[in-house]
Amino acid sequence: LYPAYLFSSLKPVEGIRGRSKTGKKSFRRILVTLQFTFSLILLILTFITRSQLQYINDFDPGFDREGVVVMPLSGHTTKHFQTLKTELMKNSIIEAVSSSESMPINHRSTTSSKSLKWDGKVEGEDFAMSMNWVEESYLDLFKMKMKAGRKFSEMPPGEGIYYIVNEKAVEQFGLQNPV
């Protein structure tokens with residue numbers, strides 16, 4: 001709007017004679033400075049966004065996400081997951097099917113360590129942790145490697161509830177031998 005206002009106030013005859021007044025120079029300097037500042041800020045934000053996207057692309061999440069299709073289930077489908085899994089596994093291009101509460105990078109179920117008990121727990125110590133309820137083939141589907149212990153698929157059935165914890169959880173729990 002400012003350039004349109006400025007040009008509409010010009011008188012062509014005075015401009016030719018060299019006596020034209022084109023507005024206050026300080027206001028123009030402020031506008032140019034603001035424009036340059038906004039351009040610089042946008043450029044910096046573009047580089048920051050680019051570096052964050054590059055980090056996300058290059059980051060190793062600890063599982064293989066190549067060729068994985070995620071399909072949210074609810075209601076009737078959840079109740080009959082085993083039937084769905086059997087039907088999907090009949091297709092020769094599908095290598096594995098599993099179910100879980102969420103993807104490995106999503107944390108829907110967060111709980112407090114107050115509700116958990118383990119040997120060596122310090123009373124009063126509390127920290128938040130994410131839990132993901134998964135089917136036994138979940139780790140195999142994502143090709144996750146175990147540092148120690150066994151996968152769910154290697155556990156004897158019906159002997160209780162099993163937990164797999166990551167290194168950060170072992171550190172938080174203060175466990176010397178987590179297996």
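For ALA148 and LEU42 in one chain, what is 0.36 nm times their gap in residues minus the Cα-Cα distance, to one decimal in nm?
On the way: separation 106, 0.36 × 106 = 38.16 nm, distance 4.72 nm.
Here the answer is 33.4 nm.
Using a Förster distance of 22 angstrom, determine the FRET efficiency expected from the C-beta separation of VAL165 and GLU101, and round it to 0.05. Each step should come with its number before you reach the end.
On the way: r = 16 Å, r/R0 = 0.73.
Here the calculated transfer efficiency is 0.85.
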Note to self: C-alpha centroids of the stretch 24-98 and the stretch 117-179 sit apart, in Å, by 28
For the stretch 167-179, Karplus-derived ³J(HN,Hα) couplings (6.51, -1.76, 1.60; θ = phi - 60°; whole Hz; x for glycine and proline) come out as 4, 5, 5, 4, 5, 4, 6, x, 7, 8, 10, x, 6
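FYI, it's all coordinate maths here, none of it is from the lab. Given the structure is predicted, the values throughout are model-derived calculations rather than measurements. Please note: Cβ atoms are built from the backbone with ideal geometry, for glycine as well, and neighbour counts cover all protein chains shown.
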